[in-house]
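Report on the following structure.
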Amino acid sequence: MNAQQPEDVYTHGHHESVVRAHASRTAENSAAFVIPHLTPGTSVLDVGCGPGSITCDFAGLVAPAQVIGLDRSADIVAQATELAKDRGVENVEFRTGNIYDLEFEDESFDLVHAHQVLQHLTDPVAALREMRRVAKPGAIVAVRDADFHGMSWYPEVPELDDWMELYQKIARRNGAEPDAGRRLVSWAQQAGFAQVAPSSSNWLYATAQQRAWQSRVWSERVLHSAFAEQALEYGFANEADLARIAAGWHRWGATEDGYFLIPNGEVIARA
């Protein structure tokens, strides 16, 4: 074990509003670039799996092969395990684990996946090296991360500009890189991957239902999640600031022509 593993602070935390947002992710809407590589018999390690919705989808695509989902939070692992039970997915197992010190032998998996994980790490290159270690020769390491400064929205809402500035400050105070999407190719090259195939895809919130969902989730996160706690602890905002930003999210969500685009960088990497 590396005694000097980074002490990463998770900017989002595990407030119910965060977990609810993450549980809405599916292989189709969040990992479409991986699906062509998921065939029956493909063993998968999903690192930073969160509540397990993508992981369970993977298990359905690769059965009867085993899929393992790892997360550092025991509470989140328990929720993921319950999801698999509810969905009747039997070829998936969820465990607590450390992305910098994976508990598996070298060359163990056909595909290693991490979704929206590297952006929260103080050493994403070290994490990619560890993911490469447990991938079989010729196997795939697939990663996808949002790019916060690449996000765009309409109409202009000053509070959303303030939200972006605050998010950037908090994430960088945590030693993380919120604009990870544009850096994935570079990080994969630094981690020693010989073949790096980049792609990108978006999340778009532009219907009335999508705007209502996105604005509700983020207004709650601004007020109640680790984002709020860290903003206050670091002295980057006060409660009035957070209330104003949350109200801005609600105002954006109430528009009839609102549009919010989240770009994601993707990489399929092979050693």
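Figures for the structure shown
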| read-out | value |
| --- | --- |
| 0 to 90° range, to nearest 10: angle between helix 208-224 axis and the chain longest Cα axis | 90 degrees |
| Prolate/oblate/rounded label for the stretch 71-202 (Cα gyration tensor, a/c 1.5) | oblate |
| Carbon/sulfur fraction of accessible area - the chain, other protein chains in place, 1.4 Å, % | 49 percent |
| Segment GLU107-SER201, extension gain: residue separation times 0.36 nm, minus the distance between their alpha carbons | 30.9 nm |
| The stretch 199-240-the stretch 118-183 distance, computed between alpha-carbon centres (Å) | 16 Å |
| 1.4 Å probe accessible area per residue over the chain, in Å² | 44 Å² |
| Computed [θ] at 222 nm, deg cm²/dmol, the chain (DSSP H ≥ 4; -39,500 (n - 2.57); rounded to nearest 500) | -12000 deg cm²/dmol |
| Label of the coordinate-derived value, mean projected area of the Cα convex hull in nm², listed as [x] 13.5; [y] 15.8; [z] 23.3 | [x] |
| In degrees, nearest ten, helix 158-173 long axis to first principal axis of the chain (Cα) | 40 degrees |
| Linear extension gain, ASP161 paired with GLU93, 0.36 nm per residue minus alpha-carbon span | 20.4 nm |
| Dipole magnitude of the chain about its Cα centre (Cβ charges: Lys, Arg +1; Asp, Glu -1), debye to nearest 20 | 420 debye |
| Among beta bridges that DSSP assigns inside the chain, antiparallel share in %, nearest 5 | 50 percent |
| Efficiency of FRET from Cβ geometry, ARG173 and LYS136, R₀ 41 Å, rounded to 0.05 | 0.60 |
| Shape call, the stretch 178-225: gyration tensor on alpha carbons, a/c limit 1.5 | oblate |
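The values are calculated or read from the model by the stated rules, or taken from the named source; none is laboratory data. Given the structure is predicted, the values throughout are model-derived calculations rather than measurements. Heads up, the Cβs are rebuilt from the backbone with ideal geometry, glycines too, and the neighbour counts pull from every protein chain shown. Ligands, DNA and RNA are stripped out before the accessible areas are found, and what is left, the full protein with its side chains, is counted by its heavy atoms. Shrake-Rupley method; radii C 1.70, N 1.55, O 1.52, S 1.80 Å.
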